[in-house]
Every structure is written in C-alpha cells, then in structure tokens.
Amino acid sequence: QVQLVESGGGLVQAGGSLRLSCAASGSIFSINSMGWFRQASGKQREVVATFTRGGSPNYVASVKGRFTISTDNAKMMVYLQMNMLKPEDTALYYCSAGKDGVYKYWGQGTQVTVSS
C-alpha cells in the first residue's frame, strides 16, 4: 500500500500562484508514476499533470505553460506549481500514484479556489 497526503491548497485571486505538495509513504518501491488530478463541482475527475520515472511530464492542454509537476525522490514528494491561476482551475486536487501510468493510489484531496 502507498499512502498519499496532499497539502498547499487554498483561496487565491485570479493570476496568483499556489504550490501543492504530496507526501508519499509505504510501499513506494511499487510505484513509478505520480500525478495530479482534479475534480470541479459537478464535473468528472480529470488529469492535470502526470509523470512516469524515466519519461517526460504530461499536462492537460488547459494548464500547459502555467503548471509544473516536479518530484523530490529523496523526500518522496511530488509538487504541482500552479501559476497564472484562473477561476476555471477551481477544483479539488488529488495526488495519485501507480505503476506505468495506471493510477491505483489516491490522496484525500486539497481544495483550490480561484476568485475572479
């Protein structure tokens, strides 16, 4: 089992920035993919940014150039730097982990609210 704990959400004005953090623990040797997903009220969960070890990050088109996913393997942390935030970025953001792009483990989520 892998446990994931997110932090860093909050309320920010449009154009502002936030950095989400995700701490991974447990059977981390079993995972090589980590990512961020989000779910806005009344909408389906969507991928935001993903990364598989040895590959390049992938971003949903709507956040390219604004969001950056990064990892700190020594600390078993995954980050999502979010710049130039827009009201449509408002959602519950989830950290996820898995193997070869199949995401099995999920955090509880952290709320991001962007005011106009």
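The values are calculated or read from the model by the stated rules, or taken from the named source; none is laboratory data. Note that the coordinates shown come from a computational prediction; the quantities given were computed from them, not determined experimentally. So basically every Cβ, Gly included, is an ideal-geometry build from the backbone, and we count neighbours across all protein chains shown. All accessible areas refer to the heavy atoms of the entire protein, side chains included, with ligands and DNA or RNA removed. Shrake-Rupley method; radii C 1.70, N 1.55, O 1.52, S 1.80 Å.
Just to be sure, is ALA14 without any contact (Cβ under 8 Å) to a residue 60 or more places away in the chain and in contact with a Leu (Cβ under 8 Å, 6 or more places away or on another chain)?
So ALA14 fails the test.
So, of the residues in the stretch 49-67 that are more than 12 Å from GLN81 (Cα to Cα) and either among the aromatic types (Phe, Trp, Tyr) or assigned to a loop (DSSP other than H, G, I, E, B) (or both), which turns out to be most open to solvent (accessible area, probe 1.4 Å)?
ARG53
Need the failing condition index for GLN13 against (1) at pLDDT 95 or above; (2) touching a Phe, Trp or Tyr at 6+ places or on another chain (Cβ under 8 Å); (3) not aromatic (Phe, Trp, Tyr), just the number.
All conditions are met except number (2).
Restricting attention to the stretch 9-32, and to residues there that are polar (S, T, N, Q) and not in a helix (DSSP H, G or I), which single residue is most open to solvent (accessible area, probe 1.4 Å)?
GLN13
Using beta carbons and a limit of 8 Å, which pairs, at least six apart or on different chains, have the first residue in the stretch 51-65 and under 14 Å from ALA97 (Cα atoms) and the second one of a type outside the set (Phe, Trp, Tyr) and open to solvent by 80 Å² or more (accessible area, probe 1.4 Å)?
Pairs found: PHE51/ASN58; THR52/ASP100.
Name the residue that is nearest to SER30 (Cα to Cα), counting only residues in the stretch 83-109 that are open to solvent by 20 Å² or more (accessible area, probe 1.4 Å) and in a strand (DSSP E or B).
Among those that are open to solvent by 20 Å² or more (accessible area, probe 1.4 Å) and in a strand (DSSP E or B), it is LYS99.
Would you be able to say whether some residue in the stretch 68-82 is in a loop (DSSP other than H, G, I, E, B), in contact with a strand residue (DSSP E or B) (Cβ under 7 Å, 6 or more places away or on another chain) and open to solvent by 60 Å² or more (accessible area, probe 1.4 Å)?
Within the stretch 68-82, not a single residue is in a loop (DSSP other than H, G, I, E, B), in contact with a strand residue (DSSP E or B) (Cβ under 7 Å, 6 or more places away or on another chain) and open to solvent by 60 Å² or more (accessible area, probe 1.4 Å).
Just to be sure before I move on: is GLY35 open to solvent by less than 30 Å² (accessible area, probe 1.4 Å), over 19 Å from GLY109 (Cβ atoms) and either part of a loop (DSSP other than H, G, I, E, B) or in contact (Cβ under 8 Å) with a residue 60 or more places away in the chain (or both) in the structure I sent?
For GLY35, the condition - open to solvent by less than 30 Å² (accessible area, probe 1.4 Å), over 19 Å from GLY109 (Cβ atoms) and either part of a loop (DSSP other than H, G, I, E, B) or in contact (Cβ under 8 Å) with a residue 60 or more places away in the chain (or both) - is not met.
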